[in-house]
Amino acid sequence: MQGDTLSHPSLFIEPIVSGEAIFELIPQRPPIVMVDSFYGVEDICSYSGLTVEASNVFFEDGKLREPGLVEHVAQSAAARVGYVCQQENRPVPVGFIGQLKNFKIYDLPSEGDKLCTTIKIESEFGGVSLISATVRTAETLWAECEMKIFLQEN
């Protein structure tokens, strides 16, 4: 998960889901919406984004704070599940963070930064997903972590 450059910059050019349509992929609603773009799924990875705004509930002292990065990763994983379920005409389940592991923050993004987040499925079994995540801009690796997510089937 380490690195200083965006591994797939071309994937983050044109979102396939953005604006109000993002609400079809995630259960969260304003003011706690931490994904504004979804770029797609490629094998075991998915790609999402967020433009940091000063109006964000997790924005303080000129930066997106740590809880905002955690919630952005969780919602990026939720957007992946929502997109896959939508493609398969299945109801979108609600997910819960079960564990956060090896969470590293290298710096905090500022207003206007466009986060590009990669979610990689490490394993899935019985409604539990283990993911790894990287949060970047083109020039900066902001954060990375592993997260265990439990899905509540509808």
>> Which residue is farthest from residue 54 (Cα to Cα), if the candidates are limited to region 125-136 and must be of a type in the set (Gly, Ala, Ser) and over 12 Å from the mean Cα position of the chain (by Cα)?
In response: 126
>> Of all residues being of a type in the set (Gly, Ala, Ser) and in a loop (DSSP other than H, G, I, E, B) in region 111-131, which is surrounded by the most Cβ atoms within 10 Å (Cβ to Cβ)? Just the residue, please.
In response: 127
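Each row is one residue, and each column tells you yes or no for (1) in contact with a strand residue (DSSP E or B) (Cβ under 8 Å, 6 or more places away or on another chain); (2) free of Cβ contacts under 8 Å to residues at least 12 places away in the same chain; (3) closer than 17 Å to residue 18 by Cα.
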{"site": "84", "(1), (2), (3)": "yes, no, yes"}
{"site": "88", "(1), (2), (3)": "no, yes, no"}
{"site": "93", "(1), (2), (3)": "yes, no, no"}
{"site": "100", "(1), (2), (3)": "yes, no, no"}
>> Based on this model, can you work out whether residue 14 counts as free of Cβ contacts under 8 Å to residues at least 60 places away in the same chain, charged (D, E, K, R) and open to solvent by 50 Å² or more (accessible area, probe 1.4 Å)?
In response: yes
> Within the group 144, 111, 122, 139, which residue is under 13 Å from the mean Cα position of the chain (by Cα) and farther than 17 Å from residue 26 by Cβ?
Replying inline: 144
> Just to be sure, is residue 50 assigned to a helix (DSSP H, G or I), modelled with pLDDT of 95 or more and either hydrophobic (A, V, I, L, M, F, W, C) or open to solvent by 10 Å² or more (accessible area, probe 1.4 Å) (or both)?
Replying inline: no
> residue 44 passes all but one of (1) out of contact with any Lys or Arg (no Cβ under 8 Å at 6 or more places or on another chain); (2) surrounded by fewer than 17 Cβ atoms within 10 Å (Cβ to Cβ); which number fails?
Replying inline: (1)
> residue 151 is checked against (1) over 20 Å from residue 14 (Cα atoms); (2) free of Cβ contacts under 8 Å to residues at least 12 places away in the same chain and fails just one. What number does that condition carry?
Replying inline: (2)
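The values are calculated or read from the model by the stated rules, or taken from the named source; none is laboratory data. For clarity, every value in this text was computed on a predicted model and none was experimentally measured. Using ideal geometry, Cβ is built from the backbone for each residue, glycine included, and neighbour counts are taken over all protein chains shown. Accessible surface areas use protein heavy atoms only, side chains included; no ligands, DNA or RNA. Shrake-Rupley method; radii C 1.70, N 1.55, O 1.52, S 1.80 Å.
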